[in-house]
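Trainee: Just dropping this structure here.
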Amino acid sequence: MALNTVSELDATAADYLNRSDLTPIIPTFRALAEVRLNRELRTRFQETQVTLSTVAGTATVPLPDDYLEARGLVRLTASPADLSYRTPASLSTLYGANSGMPAAYTVIGSNIKFGPVPDAVYSVELTYLAKVPPLSDANPTNWVLTNSPDLYIYATLLESAPYLKEDARLTVWGQLYDAALGRVQQQDERARWPSSPLSIQVTKW
């Protein structure tokens, strides 16, 4: 059976479980699998960028709804520059309520907080890791299902085991999921970094 769409994924899960009465609950297994993937999967396919705008006199800007982790923040206007990350305590110690051109940031809850507090509207570019787009009838596929259908099906089946009270299957699906996750992460590392050995340049003074 093909494994390219959400309906095919759900049908495959039912086939693996050899149960015809689980159709209503399989989407719940799949949704729980996506929660697990968002916690554990980290690949370059999750990297995305968005341009945000600060508000004069307001220290915070809401994070994107699909935000998982920040990779970096760049001020695009008024002398473009990388903004340095600070812990919340460090940001408050360094900048307090001072206003000016943002030079640093932190993440508090669902917001980015800038230091100093922006004194005008600034455009900033956030590079971050995004959540796996959830599958649905309106969104029948995503990059995980396209690139790693085995990971998706094993994650879904792993979430079925507690519901079905199948302790043995919990171990089996867990091992298959862990192996698939490891292969995906290794493949991503090979694709991200050059395979040629590092070269050292010697400069003569």
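Trainee: So Val61 fits all but one of (1) under 30 Å from Thr106 (Cβ atoms); (2) assigned to a helix (DSSP H, G or I); what number is the exception?
Mentor: (2)
Trainee: Just for segment 178-204: of the residues that are of a type in the set (Lys, Arg) and closer than 30 Å to Arg36 by Cβ, which one is modelled with the lowest pLDDT?
Mentor: By that ranking, first place goes to Arg192.
Trainee: Which of the residues spanning segment 73-90 are assigned to a loop (DSSP other than H, G, I, E, B), of a type outside the set (Val, Ile, Thr) and closer than 17 Å to Asn111 by Cβ?
Mentor: Arg86
Trainee: Looking at (1) in contact (Cβ under 8 Å) with a residue 12 or more places away in the chain; (2) charged (D, E, K, R); (3) surrounded by 13 or more Cβ atoms within 10 Å (Cβ to Cβ), which one does Glu166 not meet, given that it meets all the others?
Mentor: The number of the failed condition is (1).
Trainee: Among the residues of segment 5-41, count how many are in contact with an Asp or Glu (Cβ under 8 Å, 6 or more places away or on another chain) and not in a helix (DSSP H, G or I).
Mentor: Selection size over segment 5-41: 1.
Trainee: Need the failing condition index for Pro133 against (1) in contact with a Ser or Thr (Cβ under 6 Å, 6 or more places away or on another chain); (2) farther than 14 Å from Leu9 by Cα, just the number.
Mentor: Result: Pro133 fails condition (1) only.
Trainee: For segment 91-108, give me each residue that is within 26 Å of the chain's Cα centre (by Cα) and not in a loop (DSSP other than H, G, I, E, B).
Mentor: Within segment 91-108, Leu91, Ala104, Tyr105, Thr106, Val107, Ile108 meet the criteria.
Trainee: Same structure again: Quick one: Ala70 ticks every box in (1) small (Gly, Ala, Ser); (2) assigned to a loop (DSSP other than H, G, I, E, B); (3) over 30 Å from Leu17 (Cβ atoms) except a single one, so which number is it?
Mentor: Evaluating Ala70 over (1) small (Gly, Ala, Ser); (2) assigned to a loop (DSSP other than H, G, I, E, B); (3) over 30 Å from Leu17 (Cβ atoms) leaves (2) as the failure.
The values are calculated or read from the model by the stated rules, or taken from the named source; none is laboratory data. All values reported here derive from a predicted model rather than from experimental measurement. We place every Cβ from the backbone using ideal geometry, glycine too, and count neighbours over all the protein chains shown.
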